[in-house]
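Q: To start, I am sharing the structure in question, which I have written as structure tokens.
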Amino acid sequence: MNNMKIITRNPHHLFSVLKHVPVIPLLLLLPMIVCGIFGPYLYLHDPTAMKLSMALKPPAWVSGGDWSYLLGTDNMGRDLLSRLIEGARASLIVAFFGVGFAGIVGVSIGMIAGYFEGKIDNIIMRFVDAQMSIPAILLIILLAAVLGGGLATIILSITLVFWTQYARVIRGETLSIKQRDFVVLAKVTDCGTFRILRKHIFPNTTNTIMVLATLQLGRAIIIEASITFLGMGIQPPATAWGLIISDGRIYMSTAWWIPTFAGMAIMITVLGANLLGDWLRDRLDPKLRQL
Amino acid sequence: MLAIEREGLMENLLEAQNVKKYFPIYDGGVLFKKYRMLKAVDGVSFSVRKGECFGIAGESGSGKTTVAKLILLLEKITEGNILFEGKNLGRLIKQDRSWYRRRVQTIFQDAASSLDPRMRILDIVSEPMEVQPSGTQSKSVIRHRTEEILHLVGLGSATLKKYPHELSGGQKQRVAIARAMILEPSLVILDEPVSALDVSIRAQILNLLTEIQEKQRITYLLIAHDLAMLQNISDQIAVMYLGKIVEMGNTEEVFDRPMHPYTKALFEAVPRPEPGRAKEVPAISGEIGNPIYPPSGCRFHPRCKETVPECRENEPVVRNIGKNHQVACHLLTRR
């Protein structure tokens with residue numbers, strides 16, 4: 001018994017290292033991140049180059065497949081694997097900036113609402129309630145229709161939809177943190193409101209923010225793919241996973257591989273993000289279970 | 001301890017004049033909300049002299065912590081005045097307010113909650129210096145001063161880089177003391193400074209506090225329910241019950257000749273290690289009254305052993321008995 005303890009605590013022991021790293025979530029997420037950043041160095045074919053003679057090739061391991069087109073080609077003869085790699089970038093950018101901007105806006109507003117309470121809090125929170133009652137996807141379609149599609153629109157829409165959740169959770173955290181003695185003591189030592197928010201309240205909410213952001217990552221990717229699938233998001237000739245699915249939809253019966261692999265890419269990434277979020281939550285603060 | 005100074009030279013540092021604090025409590029109504037007043041502090045007057053330790057005793061709900069909050073400007077006074085070095089706290093302008101906040105510091109009961117878990121000890125202790133409006137000092141000056149004050153409370157320089165969770169309960173309270181003392185305040189409010197600590201550490205922290213008081217001529221306002229502790233360190237003591245001071249005076253005087261039935265009951269409730277002392281009937285029974293609907297007349301009468309008819313009808317006035325001893329009780333006029 002005693003011996004076992006020593007082994008698991010030894011940081012150089014492979015097993016104990018693996019215990020502290022979320023292996024599966026990272027393995028699921030890593031392909032998207034690597035492809036998103038290094039995409040142009042990874043693919044064999046130009047993801048937008050059409051070659052009609054090569055159209056609708058099945059994956060390499062199916063009869064009729066070609067090993068230089070590992071996952072097959074679409075109706076225009078574009079290499080699917082290259083398109084998946086290229087499409088990761090849109091997802092990565094949208095997830096990163098959408099969730100990031102939403103976090104900045106939502107956390108600031110949530111801290112203000114929670115710290116000042118009273119009228120400001122009431123107005124902000126009623127507004128949040130109202131916005132949360134509108135289905136996210138509907139709001140984004142509306143925004144896309146007004147502003148036109150494109151990466152910037154999706155990021156803006158995701159920011160507008162997601163900030164409310166941060167605002168709510170961080171408001172609650174702020175309400176409880178500001179009751180704690182160290183905040184009261186900061187007031188007694190004549191710290192200004194801004195300093196209290198920045199130095200005492202914000203650092204104590206970072207765990208929650210991290211968990212929330214990771215969990216929202218998956219949702220952001222799904223929303224981006226859905227909106228692109230509906231034709232309101234990223235527009236061709238750019239490449240995105242949602243676009244591949246919507247292009248391949250009509251070939252479903254003859255070329256199943258077109259939408260299938262893109263769908264799997266979305267699923268794996270979102271699963272990875274969600275698992276990572278769960279892991280972080282349990283790791284950082286088990287009290288956050290309701291998130 | 002400070003007997004010589006007490007005779008002549010001592011002046012008042014802090015003076016509370018008929019201070020009241022009422023909290024509005026929501027009591028029904030949708031459009032036209034109705035409120036009732038919770039009378040947390042209801043007409044309290046006392047004065048704290050420079051360099052002394054003024055103790056406030058009372059069970060929970062007696063309003064002693066609210067008094068501390070009022071002095072710390074954490075709550076607005078409903079009525080009455082608090083004077084600090086002759087200045088009225090209700091009418092401080094902005095500069096005076098930050099001057100005042102440098103002069104008055106506090107130490108809370110729960111050291112674990114008093115320290116920001118995300119800050120290093122260096123940053124926690126030096127924060128009062130950093131936010132001073134009168135020019136920011138250089139990093140090395142701040143660090144030097146922090147180290148100095150940590151040594152004063154008995155912590156080494158190795159503590160500087162640590163986070164609060166790496167310290168023990170007693171060490172945390174020492175850090176809280178260092179933070180309160182770094183600007184050399186003239187008044188420090190101690191709100192149950194040791195009641196959350198292990199009994200074995202209490203004496204150490206109390207000794208440290210009295211040591212610092214002697215070295216730096218600080219005035220303490222000590223809020224506690226531990227009467228033995230108050231007897232040991234405070235020079236004056238005020239006993240509060242339901243927002244009012246029922247008895248106040250020189251600590252020795254009050255402990256030797258308690259006059260108010262509530263004070264007597266509190267003293268009787270203190271466990272004394274006497275062998276063979278029979279288990280007695282509890283000196284006081286029931287619970288403290290409701291501050292929203294305080295009992296008529298003397299607020300203590302529902303629990304008092306020595307009630308007379310007057311107690312139900314009239315509020316007793318504060319009477320001087322002896323040189324430095326005041327009591328608010330009807331029994332005094334009866335005798």
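Q: Taking chain B as a Gaussian network, Cα atoms linked when under 10 Å apart, which of B:15, B:211, B:192 shows the biggest mean-square fluctuation?
A: B:211
Q: Against the longest alpha carbon principal axis of chain B, how many degrees, from 0 to 90 and to the nearest 10, is the axis of helix B:139-152 turned?
A: Between the helix axis and the principal axis of chain B, the angle is about 50 degrees.
Q: Follow-up. Check residue B:219: other-chain or 5+ apart residues with amide H under 5 Å from its amide H, H built from backbone geometry?
A: B:51, B:187, B:188
Q: Could you list A:283, A:89 so that the one with the fewest beta carbons within 10 Å of its beta carbon is first and the one with the most is last?
A: With the fewest neighbours first, A:283, A:89 line up as A:283, A:89.
Q: Another question about this same structure. What does the structure give for A:199-211 when I average, per residue, the other chain Cβ atoms found within 10 Å of the residue Cβ?
A: The shielding value for this peptide is 2.
Q: Using a Gaussian network model of chain B with C-alpha springs under 10 Å, which one of B:184, B:52, B:85 is most mobile by mean-square fluctuation?
A: Result: B:85 has the largest fluctuation of those listed.
Q: How compact and how long is region A:57-290, expressed as Rg and Dmax of its alpha-carbon atoms in Å?
A: Cα-based Rg and Dmax for region A:57-290 come out at 21.7, 77 Å.
Q: Let me see the P(r) profile for chain B: every Cα-Cα distance counted, bins of 20 Å, each bin given as a percent of all pairs.
A: Spelled out per bin, shortest first, that is 28, 55, 16, 0.
Q: Sticking with this one: Can you spot the lysines whose alpha carbon is less than 21 Å from residue B:64's alpha carbon? Ignore those fewer than 8 places along the same chain.
A: Cross-link targets: A:187, B:20, B:21, B:39, B:50, B:76, B:244, B:264.
Q: Another question, if that's okay. Going by how many other beta carbons lie within 10 Å of each one, how would you line up A:228, A:174, fewest first? Don't skip to the answer; put the middle values down first.
A: Working: A:228 29, A:174 26.
Starting with the residue having the fewest Cβ neighbours, the order is A:174, A:228.
Q: Under a 5 Å amide H to amide H cut-off, with H placed in plane at 1.01 Å, what residues pair with residue B:243 once short-range neighbours are removed?
A: The list, which skips near neighbours in sequence, is B:63.
Q: Just how large is the dipole of the protein assembly as shown about the Cα centre, in debye to the nearest 20, putting +1 at every Lys and Arg Cβ and -1 at every Asp and Glu Cβ?
A: 340 debye
Q: Alpha carbon centre of region A:200-255 versus region B:140-201: separation in Å?
A: About 50 Å separates the Cα centre of region A:200-255 from the one of region B:140-201.
Q: Going by Cα centres, region B:33-70 and region A:77-126 are how many Å apart?
A: 48 Å
Q: Throw me the Rg/Rh for the protein assembly as shown, computed over C-alpha atoms with Kirkwood Rh, two decimals. Don't skip to the end; give the middle numbers.
A: Working: Rg = 33.9 Å, Rh = 29.8 Å.
Reported Rg/Rh (Cα atoms, Kirkwood Rh): 1.14.
Q: Got a sec? How would B:218, A:93, A:221 order by Cβ neighbour count within 10 Å, fewest to most? Display every interim value, and only then the final one.
A: Values: B:218 21, A:93 16, A:221 29.
Least crowded to most crowded, the residues run A:93, B:218, A:221.
Q: Once Lys and Arg get +1 and Asp and Glu get -1 on their Cβ, which of A:162, A:197, A:151 lies farthest toward the positive end of the dipole of region A:57-290?
A: A:197
Q: For peptide A:95-108, compute the average count of partner chain beta-carbon atoms within 10 Å of each residue's beta-carbon. All intermediate terms of the calculation are to be shown ahead of the outcome.
A: Details: counts 0, 0, 0, 0, 0, 0, 0, 0, 0, 0, 0, 0, 0, 0.
The shielding value for this peptide is 0.
Q: What percent does the relative contact order of region A:57-290 come to when contacts are Cα pairs within less than 8 Å and at least six residues apart?
A: On the way: 328 pairs, mean separation 56.4, N = 234.
Relative contact order comes out at 24 percent.
Q: As a check on your grasp of the helix formula, calculate [θ] at 222 nm for chain A: sum -39500 (n - 2.57) over DSSP H runs of n ≥ 4, divide by the residue count, round to the nearest 500.
A: -22500 deg cm²/dmol
Q: Name the residue, out of B:288, B:237, B:107, whose mean-square fluctuation peaks in a Gaussian network model built on chain B with Cα pairs under 10 Å.
A: The residue that fluctuates most here is B:288.
Q: Counting only other chains, and only Cβ atoms inside 10 Å, what mean value do you get across the residues of B:113-121?
A: Working: counts 7, 5, 4, 12, 4, 10, 5, 0, 0.
If you average over the peptide's residues, the count of other-chain Cβ atoms is 5.
Q: Normalising by the residue count of chain B, find the relative contact order in percent from Cα pairs under 8 Å and 6+ residues apart.
A: Value for chain B: 19 percent.
Q: Could you order peptides B:95-103, B:58-66 by the average number of other Cβ atoms within 10 Å of their residues, highest first?
A: Put in order of decreasing packing, that is B:58-66, B:95-103.
Q: What helices does chain A have that are whole DSSP H segments, at least 24 Å long along their own axis by Cα, and with mean Kyte-Doolittle hydropathy of 0.0 or more?
A: The answer, listed by residue number, is A:23-42, A:80-116, A:151-177, A:206-229, A:257-284.
Q: Taking the Cα centre of each part, how many Å lie between region A:139-175 and region B:80-104?
A: 46 Å
Here, each number is a calculation from the coordinates, and none is a lab measurement. From a predicted model like this one, the values you see are computed outputs, not experimental measurements. Here Cβ is always computed from backbone atoms with ideal geometry, including for glycine, and neighbour counts include all displayed protein chains.
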